[in-house]
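Chemist: Submitted below is the structure of interest, expressed as structure tokens.
The values are calculated or read from the model by the stated rules, or taken from the named source; none is laboratory data. Nothing here was measured: the structure is a model prediction, and the numbers come from that model. The area values use the complete protein model at the heavy-atom level, side chains included, leaving out ligands, DNA and RNA. Shrake-Rupley method; radii C 1.70, N 1.55, O 1.52, S 1.80 Å.
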Amino acid sequence: MREIVVDTETTGLDPASGHRIVELACLELMNHIPTGRHFQTYLNPRRAMPPDAFAIHGLSAEFLADKPDFADQCAGFLEFIGDDPLIIHNAEFDLRFLNAELATLGREPLVFTRVVDTLAMARRKFPGAPASLDALCKRFAIDNAHREKHGALLDAELLAQVYIELIGGRQPGLALAGAVTRVDAAAIAARVVRPPRPHAPLPEELAAHEAFIAGLAEPIWRK
């Protein structure tokens, strides 16, 4: 089973207000295991970078000035994700931006039915608990110390680990460290010892065997 973990960084919160994607990353899972294949690109938003957004991801307008437009990367992105399920944290946010970019190119939108939203999964599994990516990394003891700022590829790598934990852990159903069974020596000593069972054939069984042998031509039992 192929799944694609997707994350974006943007200039703001709402594409309807003119905000754009500035980084897009996808990471491939096969049977819930990262394959090492990924798609990642920085994008020129063709607009200024608000200070609040820059504080989150550290991507400046100057850094993005020579990066490609979404239109230049759209075909590669769609080819990479194919028709496979998309794993996204807070999927409503990312899909709004992706579909806004696709709409400007006359492309079909990505439908929510193909998406697994890990934020919704976490809220169902741990109601009332913090469900941010950082909070889930802490809950599952996933090392995110190198995450000083948000980054689409880094966050996709962390999200892949979080997703695996949310669906049951790195080794679902495999109890590698099960409880040790303690042996009670007193109970063993107190057990009733049954007498050995006889395994010798009964006289009628021997007679039946002899009658069977007598009806065979050159039986090996006579040699």
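Chemist: Provide the per-residue ³J(HN,Hα) series for the stretch 131-148, in order, calculated from phi with Karplus coefficients 6.51, -1.76, 1.60 and θ = phi - 60°, each as a whole number of Hz, with x at glycine and proline positions.
Modeler: Working through the residues one at a time gives 10, 5, 4, 4, 5, 6, 4, 5, 4, 9, 6, 9, 6, 10, 4, 7, 8, 6 Hz.
Chemist: I need the per residue convex hull volume for the stretch 1-69, using only the alpha carbons, in cubic angstrom as a whole number.
Modeler: Taking the convex hull of the Cα positions in the stretch 1-69, it is 106 Å³ per residue.
Chemist: Shifting gears a bit: So how do SER17, SER132 rank on accessible area, 1.4 Å probe, biggest first, that is with the largest at the start?
Modeler: These residues rank, largest area first, as SER17, SER132.
Chemist: Sticking with this one: Using Cα positions and a limit of under 18 Å, work out the aspartates and glutamates in reach of LYS138, with same-chain residues fewer than 8 apart set aside.
Modeler: Candidates past the 8-residue exclusion: GLU148, ASP155, GLU157, GLU165.
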